[in-house]
Amino acid sequence: KPRTCSSSVKVLKSVYGEVDVPEQTLSQFVFADAHKWRDLPALTCGVSGRSYTYGMIQQLCQRGAQALLANTDLKPGDRIGLLLPNVPEFTLAVHASLQAGLVVTYANPLFTVHELTRQFSSAKVRCIVTVPQLLELAQAVAKSLPAYDCTINVGGEPSPQNKILGLESLTSTEKKVDLPEVRSSDIAVLPYSSGTTGVPKGVMLSHRNLVVNIMQLLHPQLVEETDPLTFQDVSLTVLPFFHIYGFNAILNYLAKIGSHLVSMPKFTPQDYIKCLLEYQPTVLFVVPSLLLFLITHPEVTPRHLASVNKIFCGAAPLKKGLIDRFYEKIGRTDCTITQGYGMTETSPGITITPYNMPYSKSGSCGRLLPSTLARVIDLSDGHVVGVPNRPGELLVKGPQVMQGYLDNPGATSDVIDTHGWFHTGDVVYYDEDEYFYIIDRTKELIKVKGNQVSPTELESLLLEIPGVADAAVVGIPDSFAGELPKAFIVRKPGFDDMTVDSVQDFVTPKVATYKKLAGGVEFVEVIPRNPSGKILRNELKNLCSQN
Ligand code: 4UU
């Protein structure tokens, strides 16, 4: 450490060349053309029908930004935490905050007090934006945040004595406040990711990082090859805005092109099916588990999907078999399935599939986005592989790579080496035409339906159980969720009566639902570790596949 690799060897460059990047903040960039679709719907809540036009969003964001500076003690540079489900107001909270010069961190509203407190205290959050249903949770978290200022209740009542402000009253009038100058190099958001190891860390993404990644998707040649979305498309998503995919590749990207996004605060098969019929979306944003739902759910018929002509999938491996089954289900092939690959640390896009990708490459996650460089290094000796079809760890370089982990230079230098290469922790190979295939991970991350689960986080929780001497968590394959967390536990002498149920009962209330040990709990004699104490996770995974 810091990791490095020789710089004399083959580097893959994007076939699309470079992008020019405007020196704009995220809000300036995203709403630059909004006047063109001022009276068209931007965001609609598919369940309640609540809807905002582009004109309304722009006005409310500006008023919101002014009010944040006029009615609170928040100063530019302060951090604001979003604890919101997928509601249209998510955009208002984000862009009002950014225009006020604040830095935004967003969290999963399913998080427990414990999980939220960890993230929001790490990010030094001074204000939480939430909805009435989560107000109590937000206030419980706020109690342990030093220098906390106020809570903003979206769609709810203000309560001045508790320093709770209402979004609606804040944005009802214009205030005479000058908005600060924000530079494109300033940090815009702090999403949390466990990266290659350890617990979730704040990922510092600048305005420029986020703008660049949308520009990369809008590169003229790439747009031509990906069957572009336009302002006439209607997209349906249930994917979280509090994850980088929903945040930048869906919410901001669609706002940039003036598209109409129908979102859902929570997934239920009935609501999703209802939205398909009611809004007739032309585009669906999915993760593989949601595509599997569309394929297998008996109540989803070709008629429900008749309006859809584009599907965008990312965040977890999309196997060729699933693509074939989807086309079989809808009985036509004139619906493009685009796959994107990337990470929180890369804003998120790294590769994308063109719509004319040969069938033989089905399952590939596509080619490098413009202005993106890649190298694949051998897993055992770290040398650059330099030839097609040989697996290794993917390293990337590009303007979408994060500025580092918040307050954590050690973790940053673990993933960004001295030559500026970002080590993804994904095992990949590329073919003769420079199409990439993700085949495995070297990092500890577990992905449950596209959501990040950090094994370290669950292991530290397990070690809090009296009687647990050692613990390890690995992801085991699951046909629906992709992977599920499974725990291996060594009991202390005298604790032989510890049961699987008692472990589950301890963990379940302390974690968001998708982090539960749904892959099971197994008691073992010893956790296999290497001489430096690192858990040999593959040995545990192999143990599972033998059972
Ligand atoms: C196999 O999941 C993401 C980002 C998703 C995304 C969505 C739309 C990327 C590009 C895009 O256009 O971020 P994280 O940080 O939650 O998880 C990152 C990890 C990767 O390192 C990889 O292991 O998620 C996995 N991953 C994928 N794996 C992400 N996309 C893919 C994919 N195939 N297409």
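The values are calculated or read from the model by the stated rules, or taken from the named source; none is laboratory data. Predicted, not measured: the structure shown is a model, and the values here were computed from it. In this analysis, Cβ positions are derived from the backbone assuming ideal geometry, glycine residues included, and neighbour counts consider all displayed protein chains.
So the values come out like this:
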read-out: Index of the failed condition, P354 passing every other in (1) touching a residue at least 60 places away in the same chain (Cβ under 8 Å); (2) more than 21 Å from D478 (Cα to Cα); (3) within 13 Å of the ligand (Cβ to nearest atom); value: (3)
read-out: Hits in the range 364-385 - residues which are crowded, with 18+ Cβ neighbours inside 10 Å and either touching a helix residue (DSSP H, G or I) at 6+ places or on another chain (Cβ under 7 Å) or in a loop (DSSP other than H, G, I, E, B) (or both); value: S364, C365, L369, P370, S371, T372, V385
read-out: Residue within the range 345-362 that is basic (K, R) and in a strand (DSSP E or B) present; value: no
read-out: Residue match in the range 332-346 (condition: surrounded by 18 or more Cβ atoms within 10 Å (Cβ to Cβ), over 25 Å from P302 (Cβ atoms), more than 7 Å from the ligand (Cβ to nearest atom) and of a type outside the set (A, V, I, L, M)); value: yes
read-out: Pairs with Cβ under 7 Å, 6+ apart, first in the range 309-333 and free of Cβ contacts under 8 Å to residues at least 40 places away in the same chain and over 18 Å from C365 (Cα atoms), second part of a helix (DSSP H, G or I) and within 16 Å of the ligand (Cβ to nearest atom); value: none
read-out: For P485: the one exception among (1) closer than 19 Å to T112 by Cβ; (2) within 16 Å of the ligand (Cβ to nearest atom); (3) part of a loop (DSSP other than H, G, I, E, B); value: (3)
read-out: Number of the exception - G366 against (1) more than 25 Å from D324 (Cβ to Cβ); (2) among the small types (G, A, S); (3) touching a strand residue (DSSP E or B) at 6+ places or on another chain (Cβ under 6 Å); value: (1)
read-out: Residue that is among the aliphatic types (A, V, I, L, M), crowded, with 18+ Cβ neighbours inside 10 Å and within 12 Å of the ligand (Cβ to nearest atom), where the choices are V262, V308, V300, V286; value: V286
read-out: Output for the range 422-449, where each listed residue is in contact with a Leu (Cβ under 9 Å, 6 or more places away or on another chain), within 15 Å of the ligand (Cβ to nearest atom) and not in a strand (DSSP E or B); value: T442, K449
read-out: Within the range 23-46, considering residues that are more than 24 Å from the chain's Cα centre (by Cα) and assigned to a loop (DSSP other than H, G, I, E, B), the one modelled with the lowest pLDDT; value: E23
read-out: The range 236-253, residues that are over 15 Å from E89 (Cβ atoms), outside any helix (DSSP H, G or I) and within 12 Å of the ligand (Cβ to nearest atom); value: T237, L239, H243
read-out: Residue in the range 271-288 that is assigned to a loop (DSSP other than H, G, I, E, B) and within 13 Å of the chain's Cα centre (by Cα) present; value: yes
read-out: In the range 345-379, the residues that are acidic (D, E) and in contact with a Leu (Cβ under 9 Å, 6 or more places away or on another chain); value: E345
read-out: Number of the exception - K256 against (1) closer than 22 Å to V30 by Cα; (2) away from the ligand (no atom under 16 Å from the Cβ); (3) at pLDDT 95 or above; (4) buried (at least 16 other Cβ atoms within 10 Å of the Cβ); value: (2)
read-out: Residue match in the range 201-209 (condition: more than 13 Å from the ligand (Cβ to nearest atom), surrounded by fewer than 21 Cβ atoms within 10 Å (Cβ to Cβ) and touching a residue at least 12 places away in the same chain (Cβ under 8 Å)); value: no
read-out: Unmet requirement for A469, which otherwise passes all of (1) more than 14 Å from the ligand (Cβ to nearest atom); (2) touching a residue at least 40 places away in the same chain (Cβ under 8 Å); (3) not β-branched (V, I, T); value: (2)
read-out: Test: residue in the range 159-174 that is under 30 Å from G450 (Cα atoms) and either crowded, with 20+ Cβ neighbours inside 10 Å or within 16 Å of the ligand (Cβ to nearest atom) (or both); value: no
read-out: Cβ pairs under 9 Å, 6+ apart, first in the range 56-75 and farther than 14 Å from A93 by Cβ and at pLDDT 95 or above, second of a type in the set (F, W, Y) and crowded, with 18+ Cβ neighbours inside 10 Å; value: Q58/F31
